[in-house]
Every structure is written in structure tokens, then in C-alpha cells.
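Participant: The structure follows.
The values are calculated or read from the model by the stated rules, or taken from the named source; none is laboratory data. Here the structure is a predicted model, which means the values were calculated and not measured. Quick reminder, even Gly has a Cβ in these numbers, built from the backbone with ideal geometry, and neighbours come from all protein chains shown. Remember, those area values only see protein heavy atoms, side chains included, never the ligands or the DNA or RNA. Shrake-Rupley method; radii C 1.70, N 1.55, O 1.52, S 1.80 Å.
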Amino acid sequence: MITLEHVSKRYQMGDVVVTALDDVSLHINRGEFVVVLGPSGSGKTTLLNLISALDTPTNGRIVIAGKDITQAKRFENFRFRRETVSFIFQTFNLFPSLTALENVQFAVDMRGNGANGAVPTLQSVGLGERVNHFPHELSGGEQQRVAIARALATGNPILLADEPTGELDFRTGVQILELLQSQATAGKTVLVVTHNREISRVADRVIELSSGKIVSDGVPQGGKAAIADLHW
Ligand code: ADP
Ligand code: MG
């Protein structure tokens, strides 16, 4: 579903070159629940931006759902972002003046054909009783569930989540992880980025980044943990 071949991303900052990703190659199958683990500055957000065609690599090739996005034209990537990848942010990024339902409906309208209904999607994340609430009337965990509903309503096959539990307390964070994991079980390809090693223990597979390089890729250290066994 996601293939990167020798992908590098460098930024020129005046006289210095910052290497955000350094010769990264990986392959992620459909339905995998993958955590990308690494400290701040290790290149995690850069990786997600490249996979979602929000940015282009300096070198290398990226193939998503059979399409080489590094060769694509700008307008083709617009369509790709609408129909293939959905992004979930640490800070939720909901429209403050729209209700939960209207926030999700916005994504449904953007997507057009192929989208799921906004109300059933909110019900599927446990927010059937909150559809007419505004973001400021919802808890952090509920706001993140609206953001997940917004991503799911598009029907897109790939979910990318950048530190989705970073703003949440432990219990709420665990619930969000369970929700994301259940999406992978249902056939979505789910990539969650975190700097928290404890979170990575629930993944099928952990890809660890350090200074823009993959330093390990496999089952979590000490084996996969049940979400109920996490501590952070
Ligand atoms: P992470 O998400 O793991 O914290 P990032 O992918 O945001 O890391 O950043 C990786 C490195 O690339 C950092 O050193 C960061 O300062 C640098 N970087 C990221 N985006 C830019 C940019 N637009 N311009 C210059 N440097 C950048
Ligand atoms: Mg980041």
C-alpha cells in the first residue's frame, strides 16, 4: 500500500542543509497498524507529509496505492489527497464554529462520491449523542474522535495520525489508540507517529527513526502489548 525507495528530504536553510529524512526505504501492507517512533526532530512529520503528498522528496520514489506520487503533477496530487489519504492531527484541527456533525459533513462534501454518511460515522466512533455539540463543548478525547470521524467519513484507505494522543490524558489516549487499531483490523492502513515508546508497544510493527534514518523495523521491543497493559 505504501512503498518508499531511497527517499531523502533535505531543506536548505541559508548556508546549512538540514537532512530531515536520509535514504529511507520501507513497505507497508494494506491493513497494517504501524507506529513510527522517534524523538522530536527525527523526521516523523516529514515522513507523513511525503506519504500524503503535502511535500515532495529531494531524492527517491514513493508509491502509494499503486501510484507513483513523486512523478505526479500537482493537480493529480490534489485528487490523491482527497481520495487516498486522511490526516489526523495532534491538535485535532476542527473548525471551532462548526458542530461535530458539520465538521464531518465538511469532509464528506469535499470527498463527494464514495464518502460515508456523517451521522453513521460519528455513531461508529461513539459520538452519536454529541453530533450537535461544538468543539469547545467536547472533551479532548471527543474532539479527537470527531477528527477521526472526519478522516473515516472520506472512506479513504490510508489513515495517517501525527501524535494523535499527544494532547490527551492516558485513558483517553488509550481509547483513541483502540479506535485506530480497530480501523486497521477493518482493513484500513494506519500509520501513527509518536515520540512515546510506550504507545509503540501496541503496534503490529514499529518503525524507529533517528536523525532521519530507520534504525529498526519490526515487532515492538519486548513483544506486542495489549492496550490495557500500557503505562505512560
Ligand atoms: P519530528 O516530526 O520527528 O519532530 P520533523 O519531521 O518535523 O521531525 O523534522 C525533522 C527535521 O527537519 C528537524 O531537524 C526539523 O528542524 C527539520 N525541518 C522540518 N521541516 C523543515 C522545514 N520546512 N524547513 C527546514 N527544516 C525543516
Ligand atoms: Mg512532528
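Participant: Run the accessible area of the chain with a 1.4 Å probe and give the carbon-and-sulfur part as a rounded percent. Write down the numbers at each step before the final one.
Facilitator: Details: 5370 of 10900 Å².
With neighbouring chains kept in place, the figure for the chain is 49 percent.
Participant: A follow-up question, please. When each pair of different Cα atoms in the stretch 88-217 is counted once in the 1/r mean, what is the Kirkwood radius in angstroms, to one decimal?
Facilitator: Working: mean 1/r = 0.0660 Å⁻¹.
Averaging 1/r across every pair of different Cα atoms and inverting gives 15.2 Å.
Participant: Set the Förster distance to 41 Å, then compute FRET efficiency between V119 and D229 from the Cβ-Cβ distance, nearest 0.05.
Facilitator: Values: r = 34 Å, r/R0 = 0.84.
So the FRET efficiency works out to roughly 0.75.
Participant: Still on this model: What order do you get for 56-62, 141-147 when each peptide is scored by the mean count of other beta carbon atoms within 10 Å, highest first? Don't skip to the answer; put the middle values down first.
Facilitator: Numbers: 56-62: 16.7, 141-147: 24.1.
Peptide ranking by packing, descending: 141-147, 56-62.
Participant: Now for a different question. For the stretch 1-75, what is the accessible area per residue in Å², given a 1.4 Å probe and the full set of protein chains? Spell out each step's value before the answer.
Facilitator: Values: 3800 Å² over 75 residues.
On a per-residue basis, 51 Å².
Participant: Then there is this: State to the nearest 20 debye the size of the charge dipole of the stretch 191-232 about its Cα centre, where the only charges are +1 on K and R beta carbons and -1 on D and E beta carbons.
Facilitator: Working: 5 positive and 5 negative charges, 12 e Å.
Its charge dipole is roughly 60 debye.
Participant: State the antiparallel share, in %, of DSSP beta bridges confined to the chain, rounding to the nearest 5. Walk me through the intermediate numbers first.
Facilitator: On the way: 21 of 39 bridges.
Once the DSSP bridges in the chain are tallied, antiparallel ones form about 55 percent.
Participant: Hey, which aspartates and glutamates would be in cross-link range of K67, C-alpha to C-alpha under 17 Å, not counting anything within fewer than 8 residues on its own chain?
Facilitator: Within the straight-line cut-off, K67 pairs with E5, D55, E76, E83.
Participant: Here's a follow-up. Determine the dipole magnitude for the chain: charges of +1 sit on the beta-carbon of Lys and Arg, -1 on that of Asp and Glu, nothing else is charged, the reference point is the Cα centre, and the result goes in debye to the nearest 20.
Facilitator: Working: 22 positive and 24 negative charges, 109 e Å.
So the dipole magnitude of the chain works out to roughly 520 debye.
Participant: Relative to the compact globular guide of 2.2 N^0.38 Å, what is the alpha carbon radius of gyration of the stretch 15-108, as a ratio? Before the final figure, lay out the partial values.
Facilitator: Numbers: Rg = 15.6 Å, N = 94, 2.2 N^0.38 = 12.4 Å.
The reported ratio for this selection is 1.26.
Participant: In addition: At a Cα cut-off below 25 Å, give the lysines reachable from K73, other chains included and same-chain residues fewer than 8 away excluded.
Facilitator: K9, K44
Participant: Another question, then. Which number do you get for Rg(Cα) / (2.2 N^0.38 Å) in the chain? If you can, show how the numbers build up before the last one.
Facilitator: Values: Rg = 17.4 Å, N = 232, 2.2 N^0.38 = 17.4 Å.
Rounded to two decimals, the normalised Rg is 1.00.
Participant: In addition: Given the protein chains as shown and a 1.4 Å probe, how many square angstrom of H27 are accessible, to the nearest 10?
Facilitator: Per-residue accessible area (H27): approximately 90 Å².
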